[in-house]
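What follows is a set of notes on a single structure, which appears directly below.
The values are calculated or read from the model by the stated rules, or taken from the named source; none is laboratory data. Only a predicted model underlies this, so the values are computations on that prediction, with no experimental measurement involved. Please note: Cβ atoms are built from the backbone with ideal geometry, for glycine as well, and neighbour counts cover all protein chains shown. Protein only, heavy atoms only, side chains kept; ligands, DNA and RNA dropped before computing areas. Shrake-Rupley method; radii C 1.70, N 1.55, O 1.52, S 1.80 Å.
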Amino acid sequence: MDLLRFITAGSVDDGKSTLIGRLLYDSKSILADQLEAIERASKSRDDGEIDLALLTDGLRSEREQGITIDVAYRYFQTPVRKFIIVDAPGHIQYTRNMVTGASNCQLAIVLVDARHGVVEQTRRHSLIASLLGIPHIVVAVNKMDLVDYSQNVFSDICIQYADLAKKLNVEQVTYIPMSALNGDNVVDKSASMPWYEGPTMLEHLETIELTNDLGVQLPGRFPVQYVIRPQTVDLHDYRGYAGKITSGTFRKGDAITVLPSGESSTIDAIEIAGTHLDEAEAPQSVVLHLSSDVDISRGDLIVRSDALPTSSQTVEAMLCWMDTKEFKVGNKYVLQVGMARTRCSVREIAYQLNVNTYEETEDVDSLKLNDMAKIVLRTAQPISFDSYQQNRATGGAILIDETSNVTVGALMLIGEA
């Protein structure tokens, strides 16, 4: 059974938490004790209805304010597929939380309030989804019950968003009219919208094709997490390199290159829990054995020699700044790509991206919390990476503050500057 990881995004009060609660409730994915707790917590409501948003608004401050602050993760499954739901905050000051939550999602549900149409946060979250390379976008036009289930309102919003998607070069967009509160077109078909002939939200999530999203078709990438050298009597010559294949396939006999050193070898054996295999693919965790003794340590990247990544000390990237301290040209940070870390300095801010108009502002020398920009970094050692648009596993990176060790920026690497 395959797994779909998706994120819900949108503006404040668009109904993200209620949508997730409805998905869990109507698909019977709520434990009895959870349901009892939610029913007790909902007793203060005037209408006596269960507040489905409480299923995801786990923090006390979230429940008191009726908003989502932190990224919440929920798991459920149907007979068809397993799901991980990432519930992202809608408030502008928590945009960085959406970036971290969406970084490895395969689908994004962008909620739009039928009364308000496409708003600033719709544009912001759609931009982030496109920059993060999320292949499938679902525009959930929610609260259709508050506009009398009007087909014209739905059509107008579809036209608005199609124009936005064209600017972002987003191709795979699905539009679903619904009412998360009442359950229209979430799990069950809505009798109130006979004009809509498409799938319900759950039907779409169950049937979306994911085969093209897998990393198996991408070049082989294996970040080394640990070097295994027992040096016991029984395993005197044992040397294995443990890690998770982040993309592609590795086979016994493959010619490989170790980066950043550039040394070459061939795969002598592939091992999983003591069992030897002829080949392994993403996302399996394996131990690789090489035919020759090569100097390899944690953070090195083993790649197939027929498809080398970019290795450079000047890196161009899109940045989402996640710290209250300003990001400035000349500042120094630690850049982490996969397991590899190196010190770096900010050489240039090429332009700042306006998340509302998508305009590019040049001659910017500093960034504030939640700003997005195209930047150039200079690294102390060569770093090996792929373009984020081609391979999210080796194209995503983070910036770390040297003194506090706090992650201060999320990066989508573009290429050598």
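Return yes when residue 237 is of a type in the set (D, E, K, R), part of a loop (DSSP other than H, G, I, E, B) and farther than 28 Å from residue 78 by Cα and no when it is not.
yes
Of all the residues that make up segment 309-331, how many are over 15 Å from residue 368 (Cα atoms), open to solvent by 30 Å² or more (accessible area, probe 1.4 Å) and among the polar types (S, T, N, Q)?
Number satisfying all stated conditions: 3.
Can you name every residue in segment 358-367 that is open to solvent by less than 40 Å² (accessible area, probe 1.4 Å) and assigned to a strand (DSSP E or B)?
Residues satisfying the conditions are 366, 367.
Hey, among the residues in segment 240-257 that are within 13 Å of residue 287 (Cα to Cα) and assigned to a loop (DSSP other than H, G, I, E, B), which one's farthest from the chain's Cα centre (by Cα)?
Selected residue: 252.
Identify the residue in segment 99-147 that is of a type in the set (D, E, K, R) and under 15 Å from residue 186 (Cβ atoms) and, among all such residues, is surrounded by the most Cβ atoms within 10 Å (Cβ to Cβ).
Among those that are of a type in the set (D, E, K, R) and under 15 Å from residue 186 (Cβ atoms), it is 143.
Under 8 Å between Cβ atoms, at least 6 apart or on separate chains: pull out the pairs that start in segment 167-180 with a residue that is within 16 Å of residue 122 (Cα to Cα) and among the charged types (D, E, K, R) and end on any residue that is assigned to a loop (DSSP other than H, G, I, E, B) and open to solvent by less than 100 Å² (accessible area, probe 1.4 Å).
167/358
Could you go through segment 227-242 and let me know if any residue there is of a type outside the set (Phe, Trp, Tyr), surrounded by 15 or more Cβ atoms within 10 Å (Cβ to Cβ) and under 28 Å from residue 5 (Cβ atoms).
Yes, segment 227-242 has at least one match.
The rows are residues; the columns are (1) surrounded by 17 or more Cβ atoms within 10 Å (Cβ to Cβ); (2) closer than 18 Å to residue 338 by Cα.
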position: 264; (1), (2): no, no
position: 283; (1), (2): no, yes
position: 286; (1), (2): yes, yes
position: 296; (1), (2): yes, yes
position: 302; (1), (2): yes, yes
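Buried (at least 20 other Cβ atoms within 10 Å of the Cβ) and more than 30 Å from residue 287 (Cα to Cα): which single residue out of 208, 176 fits that description?
176
Can you run down the residue pairs with Cβ atoms below 8 Å, 6 or more apart or on separate chains, where the first is in segment 368-389 and open to solvent by 10 Å² or more (accessible area, probe 1.4 Å) and the partner is outside any strand (DSSP E or B) and of a type in the set (Asp, Glu)?
Listed pairs, sorted by first residue: 368/326; 369/323.
Considering each residue of segment 292-341, count those that are in contact with an Asp or Glu (Cβ under 9 Å, 6 or more places away or on another chain), among the aliphatic types (A, V, I, L, M) and not in a strand (DSSP E or B), and give that number.
Number of matching residues: 4.
Looking at the structure I just gave you, is residue 292 within 30 Å of residue 350 (Cα to Cα) and more than 23 Å from the chain's Cα centre (by Cα)?
Against the criterion (within 30 Å of residue 350 (Cα to Cα) and more than 23 Å from the chain's Cα centre (by Cα)), residue 292 does not qualify.
Out of all the residues in segment 236-275, which are charged (D, E, K, R), over 15 Å from residue 289 (Cβ atoms) and free of Cβ contacts under 8 Å to residues at least 40 places away in the same chain?
Within segment 236-275, 263 is the sole residue that qualifies.
Test residue 355 against the stated conditions and say whether it is open to solvent by less than 70 Å² (accessible area, probe 1.4 Å), under 19 Å from residue 169 (Cα atoms) and either of a type outside the set (Ser, Thr, Tyr) or not in a strand (DSSP E or B) (or both).
yes
For segment 332-343, which residues satisfy the criterion of being modelled with pLDDT of 95 or more and buried (at least 22 other Cβ atoms within 10 Å of the Cβ)?
335 - this is the single residue of segment 332-343 that is modelled with pLDDT of 95 or more and buried (at least 22 other Cβ atoms within 10 Å of the Cβ).
Is it the case that some residue within segment 344-352 is among the polar types (S, T, N, Q), farther than 25 Å from residue 125 by Cα and open to solvent by less than 20 Å² (accessible area, probe 1.4 Å)?
No: segment 344-352 contains no residue that is among the polar types (S, T, N, Q), farther than 25 Å from residue 125 by Cα and open to solvent by less than 20 Å² (accessible area, probe 1.4 Å).
If the Cβ limit is 6 Å and pairs must be 6+ apart or interchain, which residue in segment 391-417 that is farther than 13 Å from residue 318 by Cβ and at pLDDT 90 or above pairs with which residue that is in a loop (DSSP other than H, G, I, E, B) and among the acidic types (Asp, Glu)?
Qualifying pairs under 6 Å: 394/386; 408/323; 408/401.
Here are some residues: 124, 115. Which one is among the basic types (Lys, Arg) and in contact with a Lys or Arg (Cβ under 9 Å, 6 or more places away or on another chain)?
So the residue among 124, 115 that is among the basic types (Lys, Arg) and in contact with a Lys or Arg (Cβ under 9 Å, 6 or more places away or on another chain) is 115.
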